[in-house]
1. For the stretch 39-74, how many residues meet the condition of being closer than 17 Å to ILE15 by Cα, away from ligand 3 (no atom under 16 Å from the Cβ) and not in a helix (DSSP H, G or I)?
2. Which ones in the stretch 200-220 are in contact with a helix residue (DSSP H, G or I) (Cβ under 8 Å, 6 or more places away or on another chain) and either open to solvent by 60 Å² or more (accessible area, probe 1.4 Å) or among the small types (Gly, Ala, Ser) (or both)?
3. Do any residues in the stretch 85-96 that are open to solvent by 100 Å² or more (accessible area, probe 1.4 Å) have Cβ atoms under 8 Å from those of residues that are modelled with pLDDT of 95 or more, where the two are at least six apart or on different chains, and which pairs are they?
4. Could you check the stretch 103-128 and list, in sequence order, the residues that are over 22 Å from VAL142 (Cβ atoms) and not in a helix (DSSP H, G or I)?
5. Which condition from (1) within 12 Å of ligand 2 (Cβ to nearest atom); (2) open to solvent by less than 40 Å² (accessible area, probe 1.4 Å) is the one that GLY75 breaks?
6. As an exercise: evaluate PHE100 against (1) free of Cβ contacts under 8 Å to residues at least 60 places away in the same chain; (2) of a type outside the set (Ser, Thr, Tyr); (3) more than 15 Å from ligand 2 (Cβ to nearest atom); (4) outside any loop (DSSP other than H, G, I, E, B) and give the number of the one condition it does not meet.
7. Looking at LYS147, LYS161, can you tell me which residue is at pLDDT 95 or above, charged (D, E, K, R), surrounded by fewer than 20 Cβ atoms within 10 Å (Cβ to Cβ) and under 27 Å from VAL73 (Cβ atoms)?
8. Could you identify the single residue in GLY37, GLY20 that is within 14 Å of ligand 1 (Cβ to nearest atom), open to solvent by less than 10 Å² (accessible area, probe 1.4 Å) and without any contact (Cβ under 8 Å) to a residue 24 or more places away in the chain?
Amino acid sequence: MSETETQGPRHVAVIMDGNGRWAQSRGRPRLFGHHAGAKRVREIVNVCPKLGVKYLTIFAFSTENWKRTQTEVSGLMKLFRRYIQREAQDLLREGVRVRFIGDRVRLDERLVRMMDDLELLTSDNDAVHLTIALNYGGRDEVARATKRLAYDVEQGRLSYKDVTDETLAKYLDTSVLPDPDLVVRTSGEARISNFLLWQSAYAEYEFIDTLWPDFTEAEFAQVVGRYGARDRRFGAVKV
Ligand code: IPE
Ligand code: IPE
Ligand code: MG
């Protein structure tokens, strides 16, 4: 095993930010930046096996992003449909298992069907586990999980006495995924914007100045490489 495989992050989560500014600096509409950003995803996914990254989770649309103009929101939804349509066969062939997290209720039916189909299509894959956060918000996820948990208590399937943090984690959208080891945000903003709040309790963070459409495979490899030098203590004292 190489060093990256033994010491590298197993799960990397990425807040793909800066598409709008990237387009604006070129005098183009924001959607132009989103299209450029979408093209970057493939390169990052494909390099994961080489870097020992088994799980990659990407933030594509937040529960707060509905506040944007109708043009941008509908353009993004169309982009997600096109992305699934265009990439499905390649993802299948590359051994990528795709999952979606976030609240599907507010998404249009056509898109939800495509998301379900892609999950099913790639469900036997195991090379890389790609999770796409779409209409995702950390607080929204915890609220939805709590609602389902409360319902199970009401139905007598669960006692309130048995509720621990592990119990709640089982109700989250990410129940089958390990917690992220490393969270990367591009575009220079040092905030998490409601991404994986629960799951990132002990994640390491990297805030990178590069705008997402300029973020390359090489830069991703550097970020992943730096992770190996970090000392994760999880509250304990190392002797
Ligand atoms: C991130 O890029 C993509 C989405 C939020 C959908 P932005 O659209 O936030 O780009 P900036 O931050 O305005 O540059
Ligand atoms: C976070 O980026 C959401 C995604 C990358 C999908 P935003 O651009 O929406 O976050 P804020 O508004 O700068 O906090
Ligand atoms: Mg942004």
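The values are calculated or read from the model by the stated rules, or taken from the named source; none is laboratory data. All figures in this text were calculated on a predicted structure; none of them were measured in a lab. In this analysis, Cβ positions are derived from the backbone assuming ideal geometry, glycine residues included, and neighbour counts consider all displayed protein chains. The area values use the complete protein model at the heavy-atom level, side chains included, leaving out ligands, DNA and RNA. Shrake-Rupley method; radii C 1.70, N 1.55, O 1.52, S 1.80 Å.
1. Residues in the stretch 39-74 being closer than 17 Å to ILE15 by Cα, away from ligand 3 (no atom under 16 Å from the Cβ) and not in a helix (DSSP H, G or I): 4 in total.
2. ASP214, GLU217, listed by residue number.
3. If the second residue must be modelled with pLDDT of 95 or more, the pairs left are GLN85/MET114.
4. ASP108, THR122, SER123, ASP124, ASN125, ASP126, ALA127, VAL128
5. So GLY75 meets the others, but not (1).
6. Tallying (1) free of Cβ contacts under 8 Å to residues at least 60 places away in the same chain; (2) of a type outside the set (Ser, Thr, Tyr); (3) more than 15 Å from ligand 2 (Cβ to nearest atom); (4) outside any loop (DSSP other than H, G, I, E, B), PHE100 fails exactly one: (3).
7. Result of the check over LYS147, LYS161: LYS147.
8. GLY20
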